[in-house]
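Written below as structure tokens is the structure these notes are about.
The values are calculated or read from the model by the stated rules, or taken from the named source; none is laboratory data. Since this is a predicted model, take the numbers as computed values, not measurements. Here the Cβ is made from the backbone with ideal geometry for all residues, glycine too, and neighbour counts use every protein chain on show. Ligands, DNA and RNA are stripped out before the accessible areas are found, and what is left, the full protein with its side chains, is counted by its heavy atoms. Shrake-Rupley method; radii C 1.70, N 1.55, O 1.52, S 1.80 Å.
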Amino acid sequence: MSDDLFVRFWGVRGSIPTPGPRTRRYGGNTSCVEVRVGDTLMVFDAGTGMRELGVHLLKARAKELTVHLFLSHPHWDHIQGFPFFGPAYVNTTTMYVYGPKGDDKNYQLLSGQMANAYFPVRFSDLGAKIVARSFNGTAVKAGDVKVKCFGQKHPGGSTGFRVESGERSVVFATDSELDQMLVDPDIVKRDPEALRELPDDLVSAVRGADLLIADAQYTDAEYLTKVGWGHPRATTVVDLAVQAGVRQLALTHHDPMHSDRDVDLMVLECQERAESLGVELEVFGAREGITLKV
Ligand SMILES: [Zn+2]
Ligand SMILES: [Zn+2]
């Protein structure tokens, strides 16, 4: 089996779907990323982008389909696509829904959002075999692929994931207010240019990733009025990537108020931040529909 990881973005918007001419280039669907290694299909988050992924998978007409589904957390923008995921209605599909050790909360929440008052089809009537699985400590095997998890800072909590295949790795880390995790919380006020040091356990979870897909919702200016909302300054994500020796950084969870042009400007702001820290880091805005080989 090749170690190559294929990553495809199906939803990159945060908070709420934002279709329309202002967001056409990056896309308006909420959080959903596909990662494939050989025949193993992993899906990170079940935001509205998951509907299009389902359409794509059904078109491919695989006889049997196994989907490993990991949820960062159950806020709407991360689960709302699930009831519209076509393969969930097909009896040749098996879905594993992962949660923390000894906890089937994620499975319960997916079914809960299909309660009769919210949705016409009951979870129990879905054709697919849907199974709750939990992490064994902080790691689990999805097929032959190792996935690790780590805690993040977000209202109600959220989970980041690291997928490892041979020497390659991809980290999916959305909905995390890095600015509330800084080792020296006052550093930004004293010296906005100085490196914002993040805790060792977080840095080691991300260490050496070939691709870090990270929540980068706010500009420096916006963050001042959004403290405690659960999302970071995009520039602080750069600092995490720099400390962890990441190769490529994909900014995601774009703010619903941000137009394509605004996201372009944030990417520039982050590229300048990396340069000012003296590091060569490839930074780009995650965009619906793009596929990367890692
Ligand atoms: Zn979110
Ligand atoms: Zn959230």
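By accessible area, using a 1.4 Å probe on protein heavy atoms only, the chain has 50% of its surface on carbon and sulfur.
Extension gain for V55 to V183 (0.36 nm times residue separation, less C-alpha to C-alpha distance): 41.7 nm. Listed by chain and number, the aspartates and glutamates whose C-alpha is less than 14 Å from the C-alpha of K63, apart from same-chain residues fewer than 8 away, are D39.
Its Cα centre serving as origin, segment 6-293 has a Cβ charge dipole (Lys and Arg +1, Asp and Glu -1) of approximately 1280 debye. Among A117, A139, A250, the largest mean-square fluctuation in a Gaussian network model of the chain (Cα springs under 10 Å) belongs to A117.
In the context of the full protein assembly, F135 retains an accessible surface of approximately 10 Å², using a probe radius of 1.4 Å and ignoring ligands and nucleic acids.
Cα centroid separation, segment 12-30 to segment 244-285: 17 Å. The figure for D220 is an accessible area of roughly 50 square angstrom, using a 1.4 Å probe on the protein chains alone.
For the chain, what is the Kirkwood estimate of the hydrodynamic radius, computed as the reciprocal of the mean inverse distance between distinct Cα atoms, to one decimal in Å? Taking the inverse mean of 1/r over all distinct Cα pairs, the chain comes out at 19.2 Å. Legend: distances between Cα atoms for K101/K141; K148/K293; K189/K226; K153/K226; pairs beyond 18 Å are K148/K293. GNM on the chain, alpha-carbon springs under 10 angstrom: the most fluctuating residue among E193, E269, E52 is E193. Amide H contacts of L65 (H built 1.01 Å from N, in plane; Pro and chain starts excluded): T93, T94 sit under 5 Å, all sequence-distant by 5 or more or on other chains. What the phi angles of segment 233-248 give under the Karplus curve with 6.51, -1.76 and 1.60, with θ = phi - 60°, is a coupling list of 5, 4, 5, 6, 5, 4, 4, 4, 4, 5, 5, 8, x, 6, 8, 10 Hz, glycine and proline written as x. Under the simplified labelling scheme, the D3-K146 pair shows an inter-label distance of 1.2 nm, with each label point 7 Å from Cα along Cα→Cβ. Simple spin-label estimate for A221 and L265 gives 0.6 nm between the two label positions (7 Å along the Cα-to-Cβ direction from each Cα). Calculated accessible area for segment 1-154 comes out at 47 Å² per residue, all protein chains present (probe 1.4 Å; ligands, DNA, RNA ignored).
Taking 7 Å steps out from each Cα toward its Cβ at R247 and Y118 produces label points 3.9 nm apart.
Round to the nearest 0.05 the FRET efficiency obtained for E64 and E197 when R0 = 45 Å and r is the Cβ-Cβ distance. For R0 = 45 Å, the calculated efficiency reads 0.40. Each residue of segment 185-194 is assigned a 3J(HN,Hα), and the resulting list reads x, 8, 4, 5, 5, 6, 8, x, 7, 5 Hz, derived from the Karplus form 6.51 cos²θ - 1.76 cosθ + 1.60 (θ = phi - 60°), x at Gly and Pro.
In sequence order, segment 117-126 has phi-based couplings of 5, 9, 8, x, 9, 7, 3, 5, 8, 5 Hz under the Karplus curve 6.51 cos²θ - 1.76 cosθ + 1.60, θ = phi - 60°, and Gly or Pro positions carry x.
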